[in-house]
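Notes follow once the structure below has been shown.
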């Protein structure tokens, strides 16, 4: 089980991450966050800071993080070993 640090002592399991989207884009991020809040499946891991990314999990949860999507992608690539030779 590979854990990805998403900031402020919070982690997500790498194999459960389906997508990482920037939170500034209203079309790709605002509606899924709003829907997750209504369904009580939204987890805020921003520690009071501005949201920068939304992580969609295979369980339908949306984790909102204050870490930039590019940084999260780099951390995820370090956690998951490459399958190429």
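Computed from the coordinates by the stated procedures, all read-outs in this text should not be read as laboratory data. From a predicted model like this one, the values you see are computed outputs, not experimental measurements. Ideal geometry is used to build each Cβ from the backbone, glycine not excepted, and the neighbour counts take in all protein chains shown.
With helices as the sole contributors, the chain gives -6500 deg cm²/dmol at 222 nm; each DSSP H run of n ≥ 4 counts as -39500 (n - 2.57), and the sum is divided by every residue. Taking the inverse of the mean reciprocal distance over all distinct Cα pairs, the Kirkwood hydrodynamic radius of the chain comes to 13.0 Å. In this rough spin-label picture, where each label sits 7 Å from Cα along the Cβ direction, the residue 1-residue 61 distance is 1.1 nm. So how tilted is helix 69-79 from the main axis of the chain? Cα-based, degrees 0 to 90, rounded to 10. Compared with the principal axis, the helix lies near 40 degrees. Once the Cα-Cα distance is subtracted from the 0.36 nm per residue extended length, the residue 41 to residue 77 segment shows a gain of 10.4 nm. Residue 49 to residue 19: FRET efficiency via 1/(1 + (r/R0)^6), r the Cβ-Cβ distance, R0 22 Å, to the nearest 0.05? That pair, residue 49 with residue 19, gives E of 0.55.
Relative contact order for the chain: 33 percent, from Cα pairs under 8 Å spaced at least 6 residues apart, divided by residue count.
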